[in-house]
1. Please find, among 110, 100, 78, 48, the residue that is in contact with a strand residue (DSSP E or B) (Cβ under 6 Å, 6 or more places away or on another chain), of a type outside the set (S, T, N, Q) and on the phi < 0 side of the Ramachandran plot.
2. Please work out if residue 125 is out of contact with any Asp or Glu (no Cβ under 6 Å at 6 or more places or on another chain), in contact (Cβ under 8 Å) with a residue 40 or more places away in the chain and on the phi < 0 side of the Ramachandran plot.
3. Any idea which of 160, 152 is crowded, with 18+ Cβ neighbours inside 10 Å and either charged (D, E, K, R) or part of a helix (DSSP H, G or I) (or both)?
4. So which residues in the range 1-49 are over 23 Å from residue 60 (Cβ atoms) and either at pLDDT below 95 or small (Gly, Ala, Ser) (or both), if there are any at all?
5. Residues 169, 160: which one is in contact with a helix residue (DSSP H, G or I) (Cβ under 8 Å, 6 or more places away or on another chain) and under 30 Å from residue 31 (Cβ atoms)?
6. Regarding residue 198, is this residue surrounded by 14 or more Cβ atoms within 10 Å (Cβ to Cβ) and out of contact with any Pro (no Cβ under 8 Å at 6 or more places or on another chain)?
7. Quick one: what pairs do we get from the range 168-196, first residue free of Cβ contacts under 8 Å to residues at least 24 places away in the same chain, second surrounded by fewer than 12 Cβ atoms within 10 Å (Cβ to Cβ) and of a type outside the set (S, T, N, Q), C-beta under 6 Å, 6+ apart or different chains?
8. Taking residue 92, is it touching a Leu at 6+ places or on another chain (Cβ under 7 Å), of a type in the set (A, V, I, L, M) and within 22 Å of residue 46 (Cβ to Cβ)?
Amino acid sequence: MSLQIGFLLFPNLTQLDLTGPWEVFSKLPNATCHLLAHDLQPVRSSSAGLTILPTTTYADCPQLDVVCVPGGPGHLQAMEDVVVLEFLKRQAPGCRYVTAVCTGALVLAAAGLLNGYRATTHWMSLERLSAFGVTPVAERVVTDRNRVTGGGVTAGIDFGLALVTAIAGEQVAREIQLQIEYEPQPPYGGSPATADPATVASLRGRLGPYATAMVETDTRALARLKQ
């Protein structure tokens with residue numbers, strides 16, 4: 001039987017959060033991948049000029065085996081999208097795996113689906129998870145029972161390979177990794193632990209307004225969960 005895998009789409013998502021694991025999952029034998037949105041209109045990503053076409057609406061989506069929520073600046077709006085949150089709550093009990101990449105973990109948290117779990121997300125948002133009853137873990141991929149989360153952006157490929165290993169075994173994952181020639185050799189440090197402090201400070205300063213918006217959104221999302 002086909003494995004049903006669904007990726008949520010929302011405006012201003014980070015496309016690599018989605019397309020990294022999509023590239024991995026689409027090579028999984030007997031997998032059917034869906035791109036899910038409110039309707040079938042193109043969804044604009046946070047990458048200028050890049051849009052993605054949904055294949056299925058939330059209303060028409062079958063029961064999924066795997067649901068995956070990407071992140072990106074648009075996760076703030078997704079955290080307050082009642083249709084998205086209710087869709088995730090309906091799907092989660094029937095899913096083998098409930099997953100997210102990057103700040104998509106905060107969308108799962110806003111739906112109440114990570115309470116009591118260990119999870120990871122982008123390093124700038126990691127501590128935000130605590131307020132939602134989540135134990136934040138600074139690792140590339142975190143698996144806690146049937147919740148699987150990946151860190152920031154490029155971690156989506158690692159996340160995808162880890163989940164393929166759990167679903168289909170190590171040999172399948174090894175062949176997919178080889179097929180996509182995934183062997184990263186980054187020129188610079190890509191986390192706060194490996195990047196130079198001046199770069200970390202510069203980026204934090206540039207993203208200050210975004211950090212403020214995160215705090216405001218989290219406050220509203222937590223208030224809704226307590227209602």
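1. Details: 110 fails: in contact with a strand residue (DSSP E or B) (Cβ under 6 Å, 6 or more places away or on another chain); 78 fails: in contact with a strand residue (DSSP E or B) (Cβ under 6 Å, 6 or more places away or on another chain); 48 fails: in contact with a strand residue (DSSP E or B) (Cβ under 6 Å, 6 or more places away or on another chain).
Every option except 100 fails the conditions.
2. Criteria met by residue 125.
3. Numbers: 152 fails: either charged (D, E, K, R) or part of a helix (DSSP H, G or I) (or both).
Residue meeting the stated conditions: 160.
4. Selection gives 20, 29, 46, 47, 48, 49.
5. Unique residue meeting the criteria: 160.
6. The answer is no for residue 198.
7. Taking only residues 6 or more apart or on different chains, not a single pair turns up.
8. The answer is no for residue 92.
The values are calculated or read from the model by the stated rules, or taken from the named source; none is laboratory data. Note that this is a predicted model, so its numbers are computed, not measured. Cβ: placed from backbone, ideal geometry, glycine included. Neighbour counts: every protein chain shown.
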